[in-house]
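Everything on this sheet refers to the single structure shown next.
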Protein chains: 2
Amino acid sequence: MSSAKDPTKKTADQSAPPPLAGDVESQTVETGFGVAGIVRRWRREDLLKRGSLALRGLGLLFSLLAFIIIASNKHGPDWENFDKYEEYRYVLAIAILSTVYTGVQALRQVHELSTGKQQILSQRSLAFVDFFGDQIVAYLLVSAASSAVPITNRMREGTDNIFTDSSAAAISMEFLAFLALAFSALVSGYKLSSQSYV
Amino acid sequence: MSSAKDPTKKTADQSAPPPLAGDVESQTVETGFGVAGIVRRWRREDLLKRGSLALRGLGLLFSLLAFIIIASNKHGPDWENFDKYEEYRYVLAIAILSTVYTGVQALRQVHELSTGKQQILSQRSLAFVDFFGDQIVAYLLVSAASSAVPITNRMREGTDNIFTDSSAAAISMEFLAFLALAFSALVSGYKLSSQSYV
């Protein structure tokens, strides 16, 4: 088992205590050895949880802003109404969907962080739901934002008033929400791949 | 070390030989035990490589079709020209980018499969380039396809001729290329997360 200390061998982590003979379980931890490795892993998981919550919170904020801005974008009885254009209706629908999704996820995460582990689903299926949810909402957000850009561009070439400015603001908010969800999908994918099966 | 065979303990994989005492290295393989686990892992990696190549090939096919269809979409001197509209120019630009990206990746993969390992970059940085490339091209494709849908819808409400039909076909091809790249990004993400650091 080679537990004899060889002074010519230099391991990567000098501060960690050398693994004891017969302590096989600690050798299956991939990212470190012994107690130091486990503590490092806990710290990284905690950081990931907080980062994921922060990204979802940003997504919630930007989705909510997009929702409020586009839903209140009605000025007069003629063409300056968002619901006359299918692009803006799409933007509204995806903003509502993204607000609900990120809101539910952020609430669940806050509840988890404050009370400890109390989950309805198992850890593994939750990681799947997280990753695919984030990824799909990110695709929908970038699709909605992209679809509304050309008509807004064309309107702003002619006239530049509160209606077109509000539309542009809503599109920007939706794009920022997309960025938050895309990074959140990265974090969720990392969590999905690196979870321990112990 | 408990290498004595206990008949009351049933392990998950009955067909694999029991790990030998002192054979510590085989215990660090996460997905199986001994030779059977390594062979299973090789088979899965081979399947992943072929699946990734097939998805990139599909992405190349659909991107190339979108590029050809939209670039040849010029009918007459007036409004029936794709380059009069920023949406279709965006579709063309992203179709070219996606064709080049998937073509280079597919060529590299075919070369790798036929000649064995001869890579310029290291395995790890290549996995990063793969994943982020697939993901970014997927976002661009869905954005371009979405941006061109509304104007095509509006044109087809009025008139329905070869110009609008070609535009719709190019958008569909771009959407199919997006699907292929999105699944390819999933495979690349899995490869990035599960590569061995041996």
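Within 10 Å, Cβ to Cβ, of B:Thr102, how many net charges do the neighbouring residues add up to if Lys/Arg are +1 and Asp/Glu are -1? If you can, show how the numbers build up before the last one.
Working: positive: B:Arg56; negative: B:Asp134.
My count for the surroundings of B:Thr102 gives 0.
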Legend entry - Chain-alone versus full-assembly comparison, segment B:133-173, residues with accessible loss of at least 30 Å² (1.4 Å probe): B:Gln135, B:Tyr139, B:Val142, B:Ser143, B:Ser146, B:Ser147, B:Pro150, B:Arg154
Legend entry - R0 of 35 Å, Cβ-Cβ distance B:Val129-A:Ser114: FRET efficiency to nearest 0.05: 0.30
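When the accessible area of segment B:53-194 is computed with all protein chains present and a 1.4 Å probe, what percentage of it is carbon and sulfur? Display every interim value, and only then the final one.
On the way: 4660 of 6560 Å².
Roughly 71 percent of what the probe reaches on segment B:53-194 is carbon or sulfur.
Can you tell me the FRET efficiency between A:Leu47 and A:Ser172 if r is taken as the Cβ-Cβ distance and R0 is 41 Å, rounded to the nearest 0.05?
Numbers: r = 29 Å, r/R0 = 0.71.
The computed FRET efficiency comes out at 0.90.
Summing Lys, Arg as +1 and Asp, Glu as -1, what charge do residues with Cβ under 12 Å from the Cβ of A:Arg50 carry, A:Arg50 excluded? The partial results should precede the final answer.
Numbers: positive: A:Arg43, A:Arg44, A:Lys49, A:Arg56; negative: A:Glu45, A:Asp46, A:Glu112.
Net charge in that neighbourhood comes out at +1.
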Legend entry - Distances in nm from B:Arg124 to the matching label points in the other copies, shortest first (labels 7 Å along Cα to Cβ): 2.8
Inset, instruction - Would you compute, for the Cα atoms of segment A:51-194, the largest minus smallest coordinate along each principal axis and list the three values in descending order, in whole Å? - result: 54, 25, 20
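Can you pull the percent of Cα pairs in segment A:119-169 with separation above 16 Å? Please report the intermediate quantities before stating the final value.
Values: 740 of 1275 pairs.
Result: 58 percent of Cα pairs exceed 16 Å.
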Inset, instruction - Kindly give the distances from A:Ser72 to its copy-mates, label point to label point, with each label point 7 Å from Cα along Cα→Cβ, as nm values to one decimal ordered shortest first. - result: 5.2
Legend entry - Label-zone membership for segment B:122-142, site A:Ser193, 7 angstrom Cα→C-beta point, backbone N under 20 Å: B:122-140
Inset, instruction - With a 1.4 Å probe on protein heavy atoms only, work out how much accessible surface B and A bury together, total over both chains, in Å² to the nearest 100. - result: 1900
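The values are calculated or read from the model by the stated rules, or taken from the named source; none is laboratory data. Predicted model, so just to flag it, every value in this text is computed and none were measured. Using ideal geometry, Cβ is built from the backbone for each residue, glycine included, and neighbour counts are taken over all protein chains shown. We work out accessible area using only protein heavy atoms, side chains counted, and drop any ligands, DNA or RNA first. Shrake-Rupley method; radii C 1.70, N 1.55, O 1.52, S 1.80 Å.
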